[in-house]
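K.L.:
Okay, handing you the structure first.
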Amino acid sequence: MTRAAVIGAGSWGTTLANLLCGRGETVTLWAYEPEVAEEINRRHRNDLFLPDAPLLPELRATTDLRVALEGALLVVSAVPSHAVRRVMAGAAPHLVPGAVVVSASKGLEPDTHKRMTEVLSEVLPGAAIAALSGPTFSREVYERQPTAAVAASGTPETAGRAQRAIAAPYFRLYTNDDVVGVELAGALKNVVAIAAGILDGLGMGNNTRAALITRGLAEIARLGAALGAKPATFAGLAGMGDLLMTATGPLSRNRSLGIEVGKGKELEEVLARRLSVAEGVGTARAAVELAATVGVELPIAREVASVLFEHKSPRQAIGDLMERSLKSETWS
């Protein structure tokens, strides 16, 4: 039996902690909110972030990083991307030597534009780090619906350790050595999902959505190639798989935010009524800025950022995308 710590008690962190507990591991879940930790320990529920989902009674929660990490040989980082550096820097003094750290957050750090494993490598120097990504709505994983994802690391041993530590009969994990591609795909698909939601909010049809998703994947792959990712990654679970799910699924937080924006609501109004983070909001601007440093154009991400942060009309954004100069179809 392995001791495991999951850092972050949102819907995904709670689901992963419950999954690990079901594997027979001794799991401690770190929560930022004291009321969440108290409810998990007392009622075996997290109704704030994962409502109507009884948790295994063996799962324990705490707000103390030292307690959460004590003896943990598997550490899952599941806090929002903007908080990973701060929270995991606080975790660093308590990390067990030899532990494998798995990043389950999908986003780019706002100011530095770094991927989550890059951030973790800086605050946890020398740690064995992997990225977990793929088409994984937390509710469906909680319900034990068959799901497949990838554990990515540049070190095969680390990817294999993460794979063996997390895989379950209903949660199939593949290893992948393309950390750059896996993390970029997981982050930028949220931006395309917001765009897809905007289309739905405007009442656009299947033709428009299909074109958006396809060209969205093309620009994600274009940025990935410029940063050294492998093209095949974007056709896999972390690429096309996650993008299709997030851009079309009713459980997608990013798509649902886009729907509201497409219906005419301002971003501030939409965010004020949400507890869970829609990672694509911050990633839209960060991705455009990152792409500019390597000379890559992200037209869809640029228009999403303009709608979200510059009050551009969604219909004008669509018009500007459609009226760009004509060219051949290419992913390069």
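K.L.:
Measure up 263/312; 189/312; 114/265; 265/327; 230/312 against 25 Å on the Cα-Cα distance and list the ones that go over.
P.N.:
114/265; 265/327; 230/312, as the Cα separations exceed 25 Å there.
K.L.:
So which DSSP H runs in the chain come out at 18 Å plus along the axis (Cα) with average Kyte-Doolittle of at least 0.0?
P.N.:
Result, helices passing both filters: 179-202, 206-226, 280-293.
K.L.:
Report, by chain and number, residues whose modeled amide H sits under 5 Å from the one on residue 312, excluding near sequence neighbours (fewer than 5 apart, same chain).
P.N.:
Residues meeting the amide H criterion: 307.
K.L.:
So, in Å, what gap is there between the alpha-carbon centers of the stretch 4-26 and the stretch 92-168?
P.N.:
The stretch 4-26 and the stretch 92-168 have Cα centres separated by 13 Å.
K.L.:
Provide the percentage of antiparallel DSSP beta bridges, counting only those with both residues in the chain; round to the nearest 5.
P.N.:
20
K.L.:
Another question about this same structure. Taking the Cα centre as origin and putting +1 on Lys and Arg beta-carbons and -1 on Asp and Glu beta-carbons, what dipole magnitude results for the stretch 180-322, to the nearest 20 debye?
P.N.:
260
K.L.:
Hey, what do the phi angles of the stretch 97-104 turn into as Karplus ³J(HN,Hα) couplings, whole Hz, using 6.51/-1.76/1.60 and θ = phi - 60°, x for Gly and Pro?
P.N.:
Taking θ as phi minus 60°, the curve returns x, x, 5, 9, 10, 10, 7, 10 Hz for the stretch 97-104.
K.L.:
Ok, one more. Kindly provide the helix-only [θ] at 222 nm of the chain, computed as the sum of -39,500 (n - 2.57) over DSSP H runs of four or more divided by all residues, to the nearest 500 deg cm²/dmol?
P.N.:
Value at 222 nm, helices only: -14500 deg cm²/dmol.
K.L.:
Okay, moving on. If the chain between residue 164 and residue 226 were fully stretched, how many nm would it gain, using 0.36 nm times the residue separation less the Cα-Cα distance?
P.N.:
In short, 19.2 nm is gained.
K.L.:
Same structure again: Please name which of 83, 134, 124 has its Cα lying farthest along the dipole of the stretch 3-177 towards the positive end, using unit charges on Cβ (Lys, Arg +1; Asp, Glu -1) and the Cα centre as origin.
P.N.:
Of the candidates, 134 comes out farthest on the positive side.
K.L.:
Explain nothing, just compute: Karplus ³J(HN,Hα) = 6.51 cos²θ - 1.76 cosθ + 1.60, θ = phi - 60°, for every residue of the stretch 138-152 in order, whole Hz, x for Gly and Pro.
P.N.:
4, 4, 6, 5, 4, 6, 6, 6, x, 9, 10, 8, 10, 10, 10
K.L.:
Something else: Got a sec? Which residues in the stretch 214-241 would a label at residue 330 touch, if it sits 7 Å along Cα→Cβ and we count backbone N under 13 Å?
P.N.:
222
K.L.:
While we're here: Counting Lys and Arg as +1 and Asp and Glu as -1, each charge on the Cβ, what is the dipole of the stretch 3-177 about the Cα centre in debye, to the nearest 20?
P.N.:
300
K.L.:
If you stretched the chain out fully between residue 322 and residue 265, how much longer would it get, using 0.36 nm times the residue separation minus the C-alpha to C-alpha distance?
P.N.:
Value of the extension gain: 18.2 nm.
K.L.:
Right, another one. If I stretch the segment between residue 155 and residue 276 completely, what's the gain in nm (0.36 nm per residue apart, minus their alpha carbon distance), one decimal?
P.N.:
Full extension from residue 155 to residue 276 adds 40.3 nm.
K.L.:
If you count, for each residue, the other Cβ atoms within 10 Å and average over each peptide, how do 48-56, 161-169 line up from highest to lowest?
P.N.:
For the peptides 48-56, 161-169, the packing ranking is 161-169, 48-56.
Every number here is computed from the coordinates shown, using simple stated rules; none is lab data. This one's a predicted model, so the numbers in the text were calculated from it and none came from an experiment. As a convention, Cβ positions derive from the backbone with ideal geometry for all residues, glycine included, and neighbour counts pool all protein chains shown.
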